[in-house]
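A quick write-up on the structure given underneath.
The values are calculated or read from the model by the stated rules, or taken from the named source; none is laboratory data. What you see is a predicted model; the values in this text were computed from it and never measured. Neighbour counts run over all protein chains shown; Cβ positions are idealised from the backbone, glycine included.
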Amino acid sequence: MYRARKGRPGRAVATLLVTALATAPLAAQDAAALRVARADSLARAGRHADALALFDSVLAGDATRRDARLGRARTLAWAGHYDAAERAFADEVAVDSSAEALAGLARVAAWRGNWALGEARWRALVAREPGSVEGWTGLGQVLRWQGRLPEAQEAIERALALAPGDADATAQLAWVRRQRRPSLDARLSPGGDSDDNRALHGLVQVMFPVARQWRAGVAFSNRYTSLGTLDANGAQFVARGEWTAPGGRVSARADAGAQWQRASRPGLPDSSRAAPTMGATLIVRPSPWLSGGLGAGYRPLDDLAATIERGLRLATLEGEATARSTGGWRASVEGLAGWISRGSAPNRTWRLGAAAGRELGRRWEVGLRARTQAFDTTLADGYFSPEQFTVAEATVRLRPQPDRVVSVEGEAGLGWQWLDVGGSRTDDPVQRVSATLAWQPKPGQRYFITGSFSNVAALGTTEGNAGSYRALAFIAGLAVGL
């Protein structure tokens, strides 16, 4: 116990008072720091509501605490409150434009599925802070989510060059390397429609990394179709290659092989043909906001008997472009021109399409889509009926969650279709829905099943049954690293 010296009680009391006043702010700061650390621990444990309450309590006592403000913004993002997290990080950027706040903005954009905005923000961060390990790692992750693996590996290796052994960068590099290993993609898809037509489609594809920017492989597919009294079968074997330029602004893919087709009808001899199949596509990404592609192909038209018996082939030239905005908007256009190889007069086909959408909430996207396709042909058989069909629909999409062990995604459309058949036009409502359940037990392994329903008209749908046409299909598949 402190004892005041005799005759000087006032000085002792004054000394105690001064000491208490001097140490009180330090004690309060230590207590606040402990509460911030506790809130951060709660957030990392998934107790987001408790963490936010504790952060708010700290900020109520001292709104200038930057660690509490950033911790609160991070917790909002982890909890999926992306709009609130975006505002919180933007407020921090307005105050001091710190690298941590810029990284938070980039992470929010990527997590909410706006990968173009996330990529742009990560690139802006590493341009300003070339030594940011977090920036290069985040850029690598968002590139990986877009499937741009060579670019992703380059970015993550930059992070590890700055900080060898960094846990986050090491984990991201492991994901990329597993996805760049030799891979097997296999799927089986049965389907049918209300006209008692049946189809079974199978695919097996193996791809190998052959150089840093190159992948190559082979694919075999087989499609069996039963159309009433008509049975058709088409098998295809192709070699495929993919190339990505350093920096990822340009990529290309090509395939070449052969297709064998066979058709049979009761009372008629079987018909069979073999034909080459080939195609190439060039993809350009001048910025995270804009991408486009141009492709050309020469293939058998289809595996239906009407085309097998005539040996029809289709040469195509097609293109597409997609633009995105910082506000989560997306717009795309696509077109195709094709020339059919047989017939005494010009036989052409063309297709045009456009779509626009905007993210809505955490994983949802709503939009509008329209497309039209037509045949200008003298080949008079049921396969080319309707001569033109147009579909316009409103869509809603549930986006997938990358890196989740179990994820669900889906899409639905509701609209109208117009069909031109023999000079007359009919119109009918359309509905379309599909859903996918995926299981990814570890990086580089994905198993999935997809179900879809549609009454959108297809080639071969005639005027008489367009309004009652229904199609149902399933796909079960896997994509694994070898």
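Listed here are the residues, each with its yes/no results for (1) surrounded by 16 or more Cβ atoms within 10 Å (Cβ to Cβ); (2) among the aromatic types (Phe, Trp, Tyr); (3) out of contact with any Cys (no Cβ under 7 Å at 6 or more places or on another chain); (4) touching a residue at least 60 places away in the same chain (Cβ under 8 Å).
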| site | (1), (2), (3), (4) |
| --- | --- |
| TRP145 | yes, yes, yes, yes |
| PRO150 | yes, no, yes, yes |
| ILE156 | yes, no, yes, no |
| ASP166 | yes, no, yes, no |
| ALA169 | yes, no, yes, no |
| ARG212 | no, no, yes, yes |
| ARG223 | yes, no, yes, yes |
| GLY228 | no, no, yes, no |
Filter region 210-260 down to the residues that are aromatic (Phe, Trp, Tyr) and in contact with an Asp or Glu (Cβ under 9 Å, 6 or more places away or on another chain) and list them by number.
TRP214, TYR224
Among the residues of region 106-126, is any modelled with pLDDT of 90 or more and in contact with a Lys or Arg (Cβ under 7 Å, 6 or more places away or on another chain)?
yes
For region 48-70, check the following and say yes or no: at least one residue is more than 22 Å from the chain's Cα centre (by Cα), closer than 28 Å to GLY357 by Cβ and in a helix (DSSP H, G or I).
no
ARG273: assigned to a strand (DSSP E or B) and modelled with pLDDT under 85, yes or no?
yes
Against the definition (out of contact with any Leu (no Cβ under 6 Å at 6 or more places or on another chain) and surrounded by fewer than 18 Cβ atoms within 10 Å (Cβ to Cβ)), how does ALA252 come out, yes or no?
no
Which listed residue, of ARG181, ARG177, is out of contact with any Asp or Glu (no Cβ under 8 Å at 6 or more places or on another chain) and assigned to a helix (DSSP H, G or I)
ARG177
Among (1) in a strand (DSSP E or B); (2) at pLDDT below 90; (3) surrounded by fewer than 17 Cβ atoms within 10 Å (Cβ to Cβ), where does LYS442 come up short?
(1)
Search result, residues across region 52-79 that are over 20 Å from LEU105 (Cα atoms) and crowded, with 21+ Cβ neighbours inside 10 Å:
LEU54, VAL58
So, of the residues in region 95-143 that are of a type in the set (S, T, N, Q) and without any contact (Cβ under 8 Å) to a residue 40 or more places away in the chain, which turns out to be surrounded by the fewest Cβ atoms within 10 Å (Cβ to Cβ)?
SER97
Could you count how many residues in region 428-449 are touching a Ser or Thr at 6+ places or on another chain (Cβ under 9 Å) and either farther than 30 Å from LEU188 by Cα or of a type outside the set (Gly, Ala, Ser) (or both)?
11
